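Worksheet for the structure shown next.
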Amino acid sequence: MGEKRSLPDTIAPGWPVVQVFGTLFVIITLVTARESALWIWALYGVSAVCWLLFVALGVRNRVEATHYASRHGLTG
């Protein structure tokens, strides 16, 4: 019998959707920003780098977890 999923699991978007929309949001913000203050652009840049690291490390950790699970017979 299948495992019953909780409500947030059934209505929440998948991780790839979050990655795509988050990345698009960051790119659109950088492209459309009309700031003259250099410190604001520095914050935009730091935010973009942090987001890209978050996405890259998330993908890497998911791949490592998948390999670990398959090596140890933990896949369903």
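The values are calculated or read from the model by the stated rules, or taken from the named source; none is laboratory data. Keep in mind the model is a prediction, meaning the values are calculated, not measured. For accessibility, only protein heavy atoms count, side chains too; no ligands or nucleic acids. Shrake-Rupley method; radii C 1.70, N 1.55, O 1.52, S 1.80 Å.
Mind listing whichever residues of the range 30-76 are β-branched (V, I, T) and modelled with pLDDT under 75?
Step one: filter the range 30-76 for residues β-branched (V, I, T), giving 31-32, 40, 46, 49, 55, 59, 63, 66, 75.
Once the filter is applied, which keeps residues that are β-branched (V, I, T) and modelled with pLDDT under 75, the range 30-76 yields V59, V63, T66, T75.
For the range 32-54, give me each residue that is open to solvent by less than 60 Å² (accessible area, probe 1.4 Å) and within 15 Å of Q19 (Cα to Cα).
A48, W51
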